[in-house]
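Have a look at the structure below, then the notes.
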Amino acid sequence: MSLRKIRKQIHYHSTQIWGVTVVLFIIFGIIILGQYSSWNHVNTEYNNEEHISILASLQTRSAERDLTAKKKYSKKNRIEPHKFDPNTISKDELMDMGIKESIARSWTNYTSKGGKFKKAEDLKKLYSMNDYLYDKLNSFVEIKNEKKENKHRSNQYKKKKTWVKNKYENNNYTYNQKDSTTYQNNAIDAISDIERKEYNAEFKASRKEKSSGLADNYIIALNTTDSTELLMLNGIGHILSSRIIKYRDKLGGFHNMNQLLEVYGVKATLISNIMNKISVEGTLKKINLNYITVDSLVQHPYFDYSTANIFINYRNHHGPYKGLDDVKKIIAIKQYWLDEVSPYFSYSVDK
């Protein structure tokens, strides 16, 4: 490429050259001014005197706040504390000690809403508590220990029992009186520990024998019963009995006791406990595979839309179902699922 062609490629008009010159002049001017100006210099020298003056100012403000707090409690509002429990003291008692009404109200509101002071330092939890007031009250705080108090009362209660066992004759208990205070224990208190254990064991045994209110030969038919009758079975309440009936109606009846496990809340232990009191005998509500639609088939708990479509499409392509053997020709169907649902099938060609 010749020099002339290169000049043509990079040629600028005079206006462009003038604009570039002005821009470069401004940039160099800013750089030169920056070197001699103090704008870009940060004063990093540490001024010790300034630091001291700031600390002194903060100390002065703190002292002024303490003085203000002391003035609040002048002779007119002089604090005259005495021994007190901050958890039980009332608003009037606080004001009698010279505490302002607003602080006393805040105090009693805290305790009335369940707040507890476990130690004197907890007084600082109060929003209105300042250091001056805390210093005045701190040494007078006496918080009672509720556990010790209750234990002391319990010991006093035990001492007040005045009737003690003396003899055991002909199933009758006689007593001696300790003092003039009369206190009669319940009959169960007079039974010895051994006799009480024997009594409890016999009671539990009798309850176990009566654990079911049904006669031995009474059987509840799950496919014809109602939720009220199911309540007679131990372990089945109102909610569970209602769930069992609703699920039975959706299925069209139970043909296997293990189907109860499909009801939410029913466990294997419950079935084993009531197995000898229930039966799944009775007719089931049938599904006619030759006339049912997809929307109707998916109402059954064992069918979803994909499975229902498989059944209907097979019928449309191969004609009516003649029996279970035709259903088994559907390769996509699992055998264990078919064992559960096939008792509900019917293959009638008549509507």
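For region 1-96, which fully contained helices (runs of 4 or more DSSP H) count at least 3 residues that are modelled with pLDDT of 65 or more and surrounded by 10 or more Cβ atoms within 10 Å (Cβ to Cβ)? Walk me through it before giving the result.
Working: elements: 3-9, 14-36, 48-72, 91-96.
Per the criteria, 14-36, 48-72, 91-96.
Of everything in region 325-337, what is touching a Leu at 6+ places or on another chain (Cβ under 8 Å) and touching a residue at least 12 places away in the same chain (Cβ under 8 Å)? Give them in sequence order.
Matches in region 325-337: Val327 only.
Counting only residues that are at pLDDT 80 or above and either touching a strand residue (DSSP E or B) at 6+ places or on another chain (Cβ under 8 Å) or surrounded by 11 or more Cβ atoms within 10 Å (Cβ to Cβ) (or both), how many does region 139-158 have?
4
Go through region 253-271 and give me each residue that's on the phi > 0 side of the Ramachandran plot and modelled with pLDDT under 95. Walk me through it before giving the result.
Going residue by residue through region 253-271, those that are on the phi > 0 side of the Ramachandran plot are 253, 265.
Scanning region 253-271 gives a single hit, Gly265.
Within region 237-250, can one find any residue that is under 30 Å from Asn288 (Cα atoms) and part of a loop (DSSP other than H, G, I, E, B)? Can you show your working first?
To start, the set of residues in region 237-250 that are under 30 Å from Asn288 (Cα atoms) comprises 241-250.
Subsequent filtering for residues that are part of a loop (DSSP other than H, G, I, E, B) retains none.
The answer is no; no qualifying residue exists.
Exactly one condition in (1) closer than 18 Å to Thr269 by Cβ; (2) at pLDDT 60 or above is false for Ser227; which is it?
Just one mismatch for Ser227, condition (1).
Which ones in region 99-122 are in contact with a strand residue (DSSP E or B) (Cβ under 8 Å, 6 or more places away or on another chain) and polar (S, T, N, Q)?
Of everything in region 99-122, nothing turns out to be in contact with a strand residue (DSSP E or B) (Cβ under 8 Å, 6 or more places away or on another chain) and polar (S, T, N, Q).
Name the single residue, out of those in region 227-262 being among the basic types (Lys, Arg) and in contact (Cβ under 8 Å) with a residue 12 or more places away in the chain, that is farthest from Ser296 (Cα to Cα). Let's see the steps before the verdict.
Narrowing region 227-262 to residues among the basic types (Lys, Arg): 243, 246, 248, 250.
Remaining after also requiring in contact (Cβ under 8 Å) with a residue 12 or more places away in the chain: 243, 248, 250.
Working: Arg243: 22, Arg248: 17, Lys250: 12 Å.
So, considering only residues that are among the basic types (Lys, Arg) and in contact (Cβ under 8 Å) with a residue 12 or more places away in the chain, the one farthest from Ser296 (Cα to Cα) is Arg243.
The values are calculated or read from the model by the stated rules, or taken from the named source; none is laboratory data. All values reported here derive from a predicted model rather than from experimental measurement. Please note: Cβ atoms are built from the backbone with ideal geometry, for glycine as well, and neighbour counts cover all protein chains shown.
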